[in-house]
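Data first, discussion second: the structure below is written as structure tokens.
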Amino acid sequence: MLTLYYAPGTCALASLIALEESGLAFETRKLSFANGEQRSPDYLKINPKGRVPALVTDRGVLTETPAILGYIAESAPAARLAPLGDVFDMARLQSFNSYLCSTVHVNHAHRPRGSRWADDQAALEAMKAKVPENMAGCFTLIEETMFKGPWVMGETYSIADPYLFVMTDWLPSDGVDPALFAEVSDHHARMLQRPAVQRALAYNRG
């Protein structure tokens, strides 16, 4: 049995959606960031980074969204969540998810988590002010050069889709109108219609 540690409003939603799509047996453990549960001694034993997601497997704990998504896809080949066996397409998928992880998420984090980079109040406000421009730039690049349609990789749904869904969901709070990106907005709307997404969102609300 897999166990996913997650918190509402975080990128862990992507892993939760992928698990729902996969058909794998899993259970969840919800953490309250408001109560600091991600920094509790018990959780730090599971994930010393003090962040989510963390996936407990029979071989140990996995962290970082791209790694967890890849593990889920390879553990459930029948679900066809990744182009397994096609080394180039798999690398393209990993490239997309890595961009979301290393660039898009980091740009977003400068608004709610600026204290990771600075203590000075003026610097924190400057970082927040830059977030709309940086996020809009990221999504312009995604819309114009990276998104194949109708799904991220083209005709086939993959583990890149729930990850993009989560990042798109953050745009309004980052001061960016998702309607500026027609393809991405259409993707988000279609994601909301998927039963696995609806089940995952129910976990988030529960």
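The values are calculated or read from the model by the stated rules, or taken from the named source; none is laboratory data. As the structure is a computational prediction, the values presented were derived from the model and not from experiment. Positions of Cβ are generated from backbone atoms using ideal geometry, with glycine treated the same way; all protein chains shown enter the neighbour counts. Remember, those area values only see protein heavy atoms, side chains included, never the ligands or the DNA or RNA. Shrake-Rupley method; radii C 1.70, N 1.55, O 1.52, S 1.80 Å.
Just a yes or no: is a residue in region 65-88 of a type in the set (D, E, K, R), surrounded by 19 or more Cβ atoms within 10 Å (Cβ to Cβ) and either modelled with pLDDT of 95 or more or under 30 Å from Cys138 (Cα atoms) (or both)? Steps first, answer last, please.
Initial filter on region 65-88 (of a type in the set (D, E, K, R)): 74, 80, 86.
Still in the list and also surrounded by 19 or more Cβ atoms within 10 Å (Cβ to Cβ): none.
Within region 65-88 (the criterion being of a type in the set (D, E, K, R), surrounded by 19 or more Cβ atoms within 10 Å (Cβ to Cβ) and either modelled with pLDDT of 95 or more or under 30 Å from Cys138 (Cα atoms) (or both)), the answer is no, since none of the residues qualifies.
For the condition modelled with pLDDT of 95 or more, open to solvent by 70 Å² or more (accessible area, probe 1.4 Å) and in a helix (DSSP H, G or I), what is the one hit in Arg199, Arg190?
Details: Arg190 fails: open to solvent by 70 Å² or more (accessible area, probe 1.4 Å).
The conditions single out Arg199.
Would you check if there is a residue in region 9-21 being under 16 Å from Asn204 (Cβ atoms), part of a loop (DSSP other than H, G, I, E, B) and without any contact (Cβ under 8 Å) to a residue 60 or more places away in the chain? Full working, then the answer.
Taking region 9-21 as the starting set, the residues that turn out to be under 16 Å from Asn204 (Cβ atoms) are 9-21.
Those still in the list that are part of a loop (DSSP other than H, G, I, E, B) too: 9-11.
Subset that is without any contact (Cβ under 8 Å) to a residue 60 or more places away in the chain: 10.
Yes, because at least one residue in region 9-21 is under 16 Å from Asn204 (Cβ atoms), part of a loop (DSSP other than H, G, I, E, B) and without any contact (Cβ under 8 Å) to a residue 60 or more places away in the chain.
Under 19 Å from the mean Cα position of the chain (by Cα), part of a loop (DSSP other than H, G, I, E, B), assigned by the TED database to the domain that holds Lys130 and surrounded by 17 or more Cβ atoms within 10 Å (Cβ to Cβ): does that describe Arg111?
Working: under 19 Å from the mean Cα position of the chain (by Cα): yes; part of a loop (DSSP other than H, G, I, E, B): yes; assigned by the TED database to the domain that holds Lys130: yes; surrounded by 17 or more Cβ atoms within 10 Å (Cβ to Cβ): yes.
It is true that Arg111 is under 19 Å from the mean Cα position of the chain (by Cα), part of a loop (DSSP other than H, G, I, E, B), assigned by the TED database to the domain that holds Lys130 and surrounded by 17 or more Cβ atoms within 10 Å (Cβ to Cβ).
Output the residue which, of all residues in region 53-63 that are more than 18 Å from Glu20 (Cα to Cα) and part of a loop (DSSP other than H, G, I, E, B), is most open to solvent (accessible area, probe 1.4 Å).
Arg59
Report, by residue number, each residue of region 25-49 that is surrounded by 14 or more Cβ atoms within 10 Å (Cβ to Cβ), within 19 Å of the chain's Cα centre (by Cα) and without any contact (Cβ under 8 Å) to a residue 60 or more places away in the chain.
Phe26, Arg29, Leu31, Phe33, Gln38, Asn47
Take Ala67 and decide whether it is within 18 Å of the chain's Cα centre (by Cα), free of Cβ contacts under 8 Å to residues at least 60 places away in the same chain and not assigned by the TED database to the domain that holds Gly149.
Details: within 18 Å of the chain's Cα centre (by Cα): yes; free of Cβ contacts under 8 Å to residues at least 60 places away in the same chain: yes; not assigned by the TED database to the domain that holds Gly149: yes.
The answer is yes for Ala67.
Which residues, taken from region 144-179, are among the aliphatic types (A, V, I, L, M), within 15 Å of Val131 (Cβ to Cβ) and in a helix (DSSP H, G or I)? Give the derivation first.
Applying the first criterion (among the aliphatic types (A, V, I, L, M)) to region 144-179 yields 146, 152-153, 159-160, 164, 166-167, 171, 176, 179.
Among the residues that remain, those that are also within 15 Å of Val131 (Cβ to Cβ) are: 167, 171, 176.
Hit for region 144-179 is Met167, nothing else.
Looking at this structure, is Leu180 farther than 30 Å from Leu84 by Cβ, surrounded by fewer than 18 Cβ atoms within 10 Å (Cβ to Cβ) and assigned by the TED database to the domain that holds Ser98?
Yes; evaluated as a whole, the condition is true for this residue.
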